[in-house]
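What follows is a set of notes on a single structure, which appears directly below.
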Amino acid sequence: MDSVTQAALGSAIGYAVAGRRHGWKAAAAGAVCGSLPDLDVLISYGDPIADYAEHRGFTHSLFWLTLAAPAVALMMALIFRTAFDRLWMLGMWLVLATHPILDAFTVYGTRLWLPFSSEPVLWATIFIIDPLYTLPLIVGVVIALRRYRPRGTRIHSRAPLWALGLTCVYLAWSVVAKVVVDGQIKDALAQEGFSYTRYISTPIFFNTLFWRAVVMTPDGYYEGYIRVFSNEETQWRYRTSRTDLIAELESSKAFRQLQWFSRGFYRIRVQDDSIVVGDLRMGVGDALIFQFIVGDIGPRGITLRSLSERVRSDYSQILSE
């Protein structure tokens with residue numbers, strides 16, 4: 001999820017667990033800890049595709065975060081000048097652990113089980129930015145901080161708990177919505193009679209009611225949009241992919257890494273003699289968030305690049321989709 005959401009979740013958990021004893025410091029430390037795993041974006045792995053694929057790696061592993069939790073909690077206690085007790089420790093560990101779990105509800109891919117498994121976990125039930133998830137957390141923390149008194153009262157800690165409960169219900173709803181949408185997609189594909197290899201569904205833009213489906217075929221893919229519980233016929237748009245280039249591209253380590261991380265949901269196209277590969281899971285139409293140049297086509301054929309180059313999409317195209 002986005003940084004604001006992760007900070008809000010961390011703040012709500014920190015306060016709900018340790019706020020009665022530590023007050024605003026628990027909320028502030030929770031917000032900081034909730035943001036820490038995403039600092040891996042500062043690490044360079046030597047290639048743009050590697051940077052994209054290794055994000056949400058070891059810093060999002062439940063195992064490594066659990067090992068790091070005592071040291072992180074102690075550091076937070078020293079920074080905020082508060083007692084390092086069991087509630088503080090529990091709160092900071094929960095903040096660290098829930099960060100990657102929430103990320104796994106998006107479509108990006110989070111390696112929760114490192115070092116035991118390197119397979120990314122992606123449940124793809126919620127968009128990376130969703131105000132309906134984030135706002136209750138912010139409101140709950142604000143209410144709690146306004147009502148807090150140094151000696152504590154029963155009422156001050158309940159607002160974050162209620163907010164966390166609401167967001168858990170919302171996540172549960174997103175899972176139900178995905179199950180419903182996947183059923184609608186299967187029915188639509190059966191009616192159309194498409195020959196396909198795999199499909200994926202993801203919610204689009206700040207909601208869980210409207211979804212995008214990508215259906216892969218041997219030489220391209222179909223893209224369609226579905227509304228939960230709608231009986232409307234799905235309109236599919238077909239786009240080609242230069243799958244004829246795969247055999248030559250597979251000698252590129254960066255391309256193979258992109259194939260693996262995208263779970264096979266990628267598109268190959270040629271743009272101004274450059275070979276561009278895009279992750280179809282994130283974006284709309286031709287405006288894909290993660291696109292990379294992996295090679296060039298010249299008079300002597302294909303030349304693979306030793307270093308991939310990220311291509312920035314024109315997101316104004318989304319409005320025309």
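Taken together, Arg81, Arg86, Arg21 contain a single residue that is among the basic types (Lys, Arg) and touching a helix residue (DSSP H, G or I) at 6+ places or on another chain (Cβ under 6 Å), which is Arg21.
When you scan segment 48-64, do you find a residue that is closer than 28 Å to His22 by Cβ, in contact with a helix residue (DSSP H, G or I) (Cβ under 8 Å, 6 or more places away or on another chain), free of Cβ contacts under 8 Å to residues at least 40 places away in the same chain and not assigned by TED's automatic domain parsing to the domain that holds Arg310, even just one?
Keep residues of segment 48-64 that are closer than 28 Å to His22 by Cβ, which gives 59-64.
Applying the additional criterion that residues be in contact with a helix residue (DSSP H, G or I) (Cβ under 8 Å, 6 or more places away or on another chain) yields 59-62, 64.
Narrowing the set further to residues that are free of Cβ contacts under 8 Å to residues at least 40 places away in the same chain leaves 59.
Add one more test, that the residue is not assigned by TED's automatic domain parsing to the domain that holds Arg310, and what stays is 59.
The answer is yes, given that some residue of segment 48-64 is closer than 28 Å to His22 by Cβ, in contact with a helix residue (DSSP H, G or I) (Cβ under 8 Å, 6 or more places away or on another chain), free of Cβ contacts under 8 Å to residues at least 40 places away in the same chain and not assigned by TED's automatic domain parsing to the domain that holds Arg310.
One residue stands out in segment 86-118 among those that are touching a strand residue (DSSP E or B) at 6+ places or on another chain (Cβ under 8 Å) and charged (D, E, K, R): the one that is nearest to Gln6 (Cα to Cα), namely Asp103. Of all the numbered requirements in (1) crowded, with 20+ Cβ neighbours inside 10 Å; (2) over 25 Å from the mean Cα position of the chain (by Cα), Pro70 misses one, and that requirement is (1).
Of the residues Gly283, Gly301, the single one that is of a type in the set (Gly, Ala, Ser) and within 26 Å of the chain's Cα centre (by Cα) is Gly283. The set of residues in segment 261-289 being part of a strand (DSSP E or B), farther than 13 Å from Val107 by Cα and charged (D, E, K, R) consists of Arg267, Arg269.
Does Val72 satisfy being in contact with a helix residue (DSSP H, G or I) (Cβ under 9 Å, 6 or more places away or on another chain) and within 30 Å of Val175 (Cα to Cα)?
Criteria not met by Val72.
The listed residues are Ile129, Ile138, and the only one of them that is in the same structural domain as Ala31 (by TED's automatic domain parsing) and part of a loop (DSSP other than H, G, I, E, B) turns out to be Ile129. Scanning segment 155-186 for residues that are outside any helix (DSSP H, G or I) and either of a type in the set (Gly, Ala, Ser) or closer than 19 Å to Leu122 by Cβ (or both) turns up just one, Ser157.
Counting the residues of segment 108-126 that are within 15 Å of Glu54 (Cα to Cα) and part of a loop (DSSP other than H, G, I, E, B) gives 12.
Evaluation of Leu258 against the conditions (1) closer than 19 Å to Ile302 by Cα; (2) without any contact (Cβ under 8 Å) to a residue 60 or more places away in the chain shows that the sole unmet condition is (2).
Quick one: is Ser262 outside the structural domain of Ser308 (by TED's automatic domain parsing), closer than 26 Å to Ile129 by Cα and small (Gly, Ala, Ser)? Steps first, answer last, please.
Values: outside the structural domain of Ser308 (by TED's automatic domain parsing): no; closer than 26 Å to Ile129 by Cα: yes; small (Gly, Ala, Ser): yes.
When the stated conditions are applied, Ser262 does not pass them.
May I ask you to list the residues in segment 174-216 that are without any contact (Cβ under 8 Å) to a residue 60 or more places away in the chain, surrounded by fewer than 16 Cβ atoms within 10 Å (Cβ to Cβ) and under 16 Å from Thr106 (Cβ atoms)? Within segment 174-216, Val175 is the sole residue that qualifies. With respect to the conditions (1) part of a loop (DSSP other than H, G, I, E, B); (2) free of Cβ contacts under 8 Å to residues at least 40 places away in the same chain; (3) touching a Pro at 6+ places or on another chain (Cβ under 7 Å), Ser313 falls short on a single one, namely (3). Looking only at segment 9-21, decide whether some residue is among the charged types (D, E, K, R) and without any contact (Cβ under 8 Å) to a residue 24 or more places away in the chain. No; the residues of segment 9-21 include none that is among the charged types (D, E, K, R) and without any contact (Cβ under 8 Å) to a residue 24 or more places away in the chain.
Condition check ((1) more than 20 Å from Ser306 (Cβ to Cβ); (2) in contact with a Leu (Cβ under 6 Å, 6 or more places away or on another chain); (3) aliphatic (A, V, I, L, M)) across all residues:
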| position | (1), (2), (3) |
| --- | --- |
| Ser252 | no, yes, no |
| Gln259 | no, no, no |
| Arg281 | yes, no, no |
| Gly285 | yes, no, no |
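Does Ala159 fit the bill of being of a type in the set (A, V, I, L, M), closer than 20 Å to Ser61 by Cα and surrounded by 15 or more Cβ atoms within 10 Å (Cβ to Cβ)?
Details: of a type in the set (A, V, I, L, M): yes; closer than 20 Å to Ser61 by Cα: no; surrounded by 15 or more Cβ atoms within 10 Å (Cβ to Cβ): yes.
Here the answer is no, as Ala159 does not meet what is asked.
The values are calculated or read from the model by the stated rules, or taken from the named source; none is laboratory data. What you see is a predicted model; the values in this text were computed from it and never measured. So basically every Cβ, Gly included, is an ideal-geometry build from the backbone, and we count neighbours across all protein chains shown.
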